[in-house]
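One structure below.
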Amino acid sequence: MEKEIFLETAQRIGDRLVDSAIWSDGSCTWNVMAPDRENPELKKAKRELARGSVYQGTAGIALFLNELSKYSDNKAEILKTAEGAVKYAIEEGEKLPNNSFGFHSGRIGIAYASVLFALASGKDEYLKSAEELLLPLKGNEDKDYGWDVIGGAAGAIPALLVINEHLENDLTFTIAVSLGENLIKKANMEPTGWSWGGGNTNIRNLCGLAHGASGVGHAFIELYNYTGLSKYLYAAEQAFLYERQFFNEESNNWPDFRYSELSEYIYEERIEELKEELKKGNLPPYKDKYMYAWCHGSPGIALSRLRAYEITGLDVYKKEAELAVEGTKRSLANGTNYSLCHGIGGNCEALIYAGEILEDQNALRMTEEFAEKGIEEYEAQNKPWACGTMGGISDPSLMLGEAGIGYFLLRLYSKDVDSVLVVQPSKKERIVSSKGGLIELRESYTNTYFSRTKEYLELTGGELLFKGLPDTNEMICKKESDVELLYKNIQRYIDSLSEDDKNKIEDFFQLEKEKYLQTLHIEDFTEEFRNSLVKKEVEQIDWSNSVLQLSKTSKLIEQKCNLTDWLENAGNGKPKGPCEDEQHYLLFKQNNHYYLKKLNPFLALLFNNIQQPTEFENLVSKIKSSLESEISTDELREFIKQQLKVSYEADLILVTEK
C-alpha cells in the first residue's frame, strides 16, 4: 500500500473536523467526550464542548489542521477552521491563571498552536497573540505546580524554545530557563537519582514521559542543547538515572507506580469508605504493573532516550532507547485504540522516531502495518475510530481522538512532519558544552546528604569525591549517582584509618550515614497517607491507658562529640580536636523525606525511654526517677502528655491502648 493512503485518510479525518466544527463569532470548537466528573463512580464519558487546550481542546485540533494544510487540496477550508480553533483557544487561554504553564493543558500549548498557525497561514498577528498570552507567565515560574509534561514545566520548556525561534525577543527563552531552574529546585534528590511529583496515590514518583522523570529529563536535554550548559545534561541524567534502577528486563519496560486501588477511592471521593477498608485491612496491596503507552511506559520513555541520544551521541541512551523500542514493539498487538496518549498511534510514534534515529526499518514497517490495519478496520468500513476516551468512543481531539490519529498518519506520510509527542526545537547540531553551574549543582546534590561530613573531611584533610570535574561522557553514570559514589568514598576513607581516628570520624559520620541509609529504604510513598486516614485523633487518646513507642520510621541517635560547635570553632581557627559533649538527635520521616533534629535533654530522655513499648504511667515513673527537679508527679505527667501529643501528631511515636 502506497503512502498516499495515509495522506488520504488524514484528509478525510480533516474534512470531518471541518464539517463538525461548531462556530460562533469567527471562532470554533467541537464536542468532545470528557469524563463525567459529577458521577465519577459511573466511569463513563459525557459529551461537552471542548476547551482551548492542546490535550483535548481546540489548540490540539489546530495543530493537526495546521500540518494537514501543507498537503491538502482543501487548504483554504482547513486553515479557516484551524484559525477558528486557534481563536477559540486564545480566548480560553486568556482566562487561565498566570501560572498555567502546561503544554497540554495551559497557556504555553495554546501559544505554541498559535505560532504554528501563524507559520502555516502567514498571518503574523498570531505571533503577537501568542506573545500576549505568554507575557503574564513571566516572573511566576516558581509558582508552576504542574511540573510535568501535561501540566507544567517539563512540557512547557521544549515548546517555549520552539516559540523562541519565531519571536523577536527572548521572552520565551527567559521563561524556559527559569522553569528549568525551578525544576531543579523542586527535584526530589534521592540518593539513586532525581524524581518529581509526590501525591498520595503513587507508590513512588512516576517513571515515564507524561507524568514522570523521562518528561523532565527531556526538558533538560532540550535546555542543554539550546544553551550548551552541562548542568542541564547533568540534571537530565539524574532523571534518567532514577528510572534506570526500575527497568524490568523481562517486560522491556519500567513500572507504573500508580496505586490504582487507592486512587479510585480518591477520584470517586469515597474517603470514608476508604478509611473503613484500611481499618479492616481490606485494601488490595499494590502489585507491580506495566503500561505500554506514550503517557506511561516504554513508548514514551523511548522518545526521551532517542532524543537524548540524538543530541548527545552517548551510547547509554542509545541502549536504553533500543530496549524501550523493543518493549514498544511487543505491545502493539495488544492495543485497543489508536489515540496518541495511550493507544497505537502514540506507541507507533516511538517506532517512527526509532526509524529516523536508529535507522530501524523494521520499526517503520510495523507502524505502517498497524496504520493500514486501522484504516481497513475503521476508515474503509466507515466506522468511527477507536479512541482513547472512556469506552473508546469517537472523539475529535489531538491526544484522545481523531485529530491525533490524523497526525499519526501524517507522520507516516512525510518525514517533514514534526513530532507532536516529543516537541523539539530545531537546533539539532552538536554544541560545545559549558561547565558553568555544573560544579555547584553537583555540590548541592551531595550536600543534601553529606554536607557536614564533607566539611569535616575538608578541615581534617580527608579525601573528597571531586578531585577534578570529569568529562561529560564520564559524568554519565550507568548505575550510581554522585551521592552513592561519595558515600562509598567516605566509607572507604574511614576504613583506611587507624582504629582511634576511625572511631572519631564514624561518630561524626553516623548522623548523615543513617539519614542516607534510611532514605534508601523508602519504598512506598503512600504509606504515610494511608496511615493518616486510620490514625486516631489526639483528643480521643486515653493517655493513662496507653502504650508508647517510637515510630518505625524514627530513630534515636547518640553522638559523643558536638559536631556543630566543633565545625564552627574549627572554621574560626580555634580547637583542633573534637569537643567531648554528648548530643542526641532524632532521625524521623515526614512527607517521604528523612530529617535530623537535635534534642534537648528532656526530649532525649523521653524518646530514650520509649525505644521499646512502654506504658504511660511507667514512662512517667522512669522520667521522674531520672530527674533531679522537684517537679510534682502530676505536673510532670501533664508536661509529658503535652510532649507526647506533639510527637504523636508529627508521627514520631506510636500510641496503642491497653
Place a point 7 Å from the Cα of S532 in the direction of its beta carbon; the residues of segment 202-234 whose amide N falls under 17 Å from it are 202-205
Rounded to a whole %, the carbon-and-sulfur portion of the accessible area of segment 57-150 at a 1.4 Å probe is 47
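Which is the longest stretch in the chain that no exposed loop site breaks, taking sites as GluC sites (Glu not before Pro) with a DSSP loop state and at most 10 other Cβ atoms within 10 Å? Walk me through the intermediate numbers first.
On the way: sites that count: E2, E38, E168, E249, E250, E359, E429, E523, E537, E628, E630.
After excluding every exposed loop site, the longest remaining stretch is 39-167.
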Simple SL model, points at 7 angstrom along Cα→Cβ for E506 and K624; separation in nm is 4.0
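Quick one: dipole size for segment 251-377, taken about the Cα centre, charges +1 on Lys/Arg Cβ and -1 on Asp/Glu Cβ, in debye to the nearest 20. Display every interim value, and only then the final one.
Working: 15 positive and 24 negative charges, 85 e Å.
It comes to approximately 400 debye.
With every protein chain left in place, what is the accessible area per residue of the chain in square angstrom, probe 1.4 Å?
Averaged over the residues of the chain, the accessible area is 44 Å².
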Neighbours of E580 by Cβ distance under 12 Å: Lys/Arg at +1, Asp/Glu at -1, summed charge -2
Among segment 191-211, those whose backbone N falls under 17 Å of a label point 7 Å along Cα→Cβ from K479 are 192-193
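Which values, in whole Å and largest first, are the semi-axes of the equivalent ellipsoid of the chain obtained as the square root of 5 times each eigenvalue of the Cα gyration tensor?
They are 52, 30, 22 Å, listed from largest to smallest.
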Note, A34: beta-carbon cut-off 15 Å, +1 each Lys/Arg, -1 each Asp/Glu, net +1
Stretched fully, the stretch from E132 through N447 gains (0.36 nm per residue minus C-alpha distance, one decimal, in nm) 109.3 nm
Note on segment 3-51: contact order normalised by length, alpha-carbon pairs under 8 Å, 6 or more apart, percent, works out to 26
Quick calc: nm separation of the 7 Å Cα→Cβ label points for E568 and N140 -> 4.3
Counting sequence-distant residues (5 or more places) and residues on other chains, those with an amide H built under 5 Å from that of N202 are Y259
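Using a Förster distance of 51 angstrom, determine the FRET efficiency expected from the C-beta separation of K280 and D416, and round it to 0.05.
Computed FRET efficiency for K280 and D416: 0.30.
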At the level of C-alpha centres, the distance separating segment 605-634 and segment 81-136, in angstrom, is 66
Computed over all unlike Cα pairs, the Kirkwood hydrodynamic radius of segment 227-370 in Å stands at 16.8
Residues of segment 19-36 with backbone N under 13 Å of the label point set 7 Å from the Cα of E125 along Cα→Cβ are 26-27
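Would you mind calculating the relative contact order of the chain from Cα pairs under 8 angstrom and at least 6 residues apart, reporting the percent as a whole number? All intermediate terms of the calculation are to be shown ahead of the outcome.
Numbers: 1137 pairs, mean separation 79.0, N = 658.
Computed value for the chain: 12 percent relative contact order.
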With label points set 7 Å from each Cα along the Cα-to-Cβ direction at L49 and D524, the distance between them in nm comes to 4.7
In the neighbourhood of V18 defined by beta carbon distances under 10 Å, the net charge of the other residues (Lys, Arg +1; Asp, Glu -1) is -1
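The values are calculated or read from the model by the stated rules, or taken from the named source; none is laboratory data. From a predicted model like this one, the values you see are computed outputs, not experimental measurements. FYI the Cβ positions are ideal-geometry reconstructions off the backbone, even for glycines, and counts take in every protein chain you see. Heads up: the accessible areas ignore ligands, DNA and RNA and are worked out on the full protein's heavy atoms, side chains in. Shrake-Rupley method; radii C 1.70, N 1.55, O 1.52, S 1.80 Å.
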